[in-house]
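The block underneath contains the structure these notes are about, expressed in structure tokens.
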Amino acid sequence: MDRTQSETDEELSPAGLEALLKLVVASERSRVSSVEVDGRTVWIKRYGVEARSVAKWLHRVISPLMPLPFLRSSPAASAAGLAAREMRKAAAFRAAGFPTVTIFYGQGDVIAMSDAGTIVQEELNRLRRSDAVRHDDMLVACAEAVARVHLAGLCHGRPHPRDMLVKGRMFGFLDFEEEPEASMPLETAQARDVWLLFLQIAGQALRPETPKRAFAAYRQIAPPAVIRELRRVVGFFSLFNPVLRLPGRFIGRDGQRMLAGTSFLKSALSKDEASHPNLPGQTGELRKPSHD
């Protein structure tokens, strides 16, 4: 048995750990389950239960052949490798000062972790019905939190509000199943983080000025190299905007958010480029990256 994240004040008692091990065995058919141990909620997550989709499998197969690094998937990994990835990245985020779950136990393809507390997406859902100002302030705070992650030299891989948590006045992260920084340059993976995040910010914002505020919050903190890479990412995905705008086309919520987020970022980056005309690499043109 491997213990993880020893630098924590949330350790289970010996009796609690023994009870947890019995519950891990009892829940071997569930992808995610929760149990009560030592008077707290503990989540058990298994990576070998749920079959991978054909689309994800195909993406991983052709990923090394893709000429544009930001289109590549995270490296393929076994179920045990995915669990190890989650523990490794969670430890890195915690070491950098970002709140995340405490991992009590990890062995093979199973990890057991503390309850995340307040999930950002759940809080957004609640505020959407009662307080538009606080709702959108939280979206802006998401952008600032991701900027601080990038400034710390980290990449989440899928910074959706459902994978973010609030602890006091700090924003934290969970569900580190993606590792694009292992398949592409770090700044490219971080730029893809930004693109994915703004699909949610532009798609969920209740006030028209919110995406601009969020981009300004990110831009103020973010490493300049990420902004340069973001131009390439947005430049590519904006090629799909005319298709997404076709009248009568059923694109679904994901397609609507892709259109809203990509369109917003294209406009915001154009204005940003105009205000910083002499910065190197400030171009939206697609070109071959200098390194992979």
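Ranked by the mean number of other Cβ atoms within 10 Å per residue, highest first, peptides 223-230, 130-137 order as 223-230, 130-137.
Let a ≥ b ≥ c be the square roots of the eigenvalues of the Cα gyration tensor of the range 91-210; is it rounded (a/c under 1.5), or, if not, prolate (a/b larger than b/c) or oblate? Verdict is oblate for the range 91-210. Overall, the range 116-194 carries a charge dipole of about 360 debye about its Cα centre when +1 sits on the Cβ of Lys and Arg and -1 on the Cβ of Asp and Glu, all other atoms neutral. Structural descriptor for the range 109-256: relative contact order 27 percent, calculated from alpha carbon pairs under 8 angstrom and at least 6 residues apart. Note on ARG134 and GLN220: the extension gain reaches 28.8 nm, defined as 0.36 nm multiplied by sequence separation minus the Cα-Cα distance.
The phi torsions of the range 206-213, fed into the Karplus equation with coefficients 6.51, -1.76 and 1.60 and a -60° offset, translate into couplings of 9, 10, x, 7, 4, x, 5, 5 Hz, rounded to whole numbers, with Gly and Pro shown as x. By a straight-distance test (C-alpha under 16 Å), which lysines pair with LYS89 as possible cross-link partners, with residues fewer than eight away in the same chain excluded? LYS89 reaches LYS45. Solvent-accessible area of the range 85-137 (1.4 angstrom probe, protein heavy atoms only): carbon and sulfur portion equals 49 percent.
Computed with a 1.4 Å probe over protein heavy atoms only, the accessible area of THR118 comes to about 60 Å².
Solvent exposure of the range 141-198 amounts to 32 Å² per residue of accessible area, where only protein heavy atoms count and the probe is 1.4 Å.
In the range 147-198, a dipole from Cβ-located charges (positive for Lys and Arg, negative for Asp and Glu) runs towards its positive end, and of ALA147, MET170, MET184 it is MET170 whose Cα lies farthest in that direction.
Summing charges over neighbours of ALA268, with a neighbour being any other residue whose Cβ is under 9 Å away from its Cβ, gives +3 when K and R count +1 and D and E count -1. Annotation for SER275 and PHE236: the two label points, set 7 Å from Cα along the Cα-Cβ direction, are 2.7 nm apart. Placing pseudo-labels 7 Å out from each Cα toward the beta carbon at GLU18 and ALA96 gives an inter-label distance of 4.0 nm.
The values are calculated or read from the model by the stated rules, or taken from the named source; none is laboratory data. From a predicted model like this one, the values you see are computed outputs, not experimental measurements. No Cβ is skipped: glycine too gets one built from the backbone with ideal geometry, and neighbour counts run over all protein chains shown. For the accessible areas, the whole protein counts, side chains as well, though only heavy atoms, and no ligand, DNA or RNA atoms are used. Shrake-Rupley method; radii C 1.70, N 1.55, O 1.52, S 1.80 Å.
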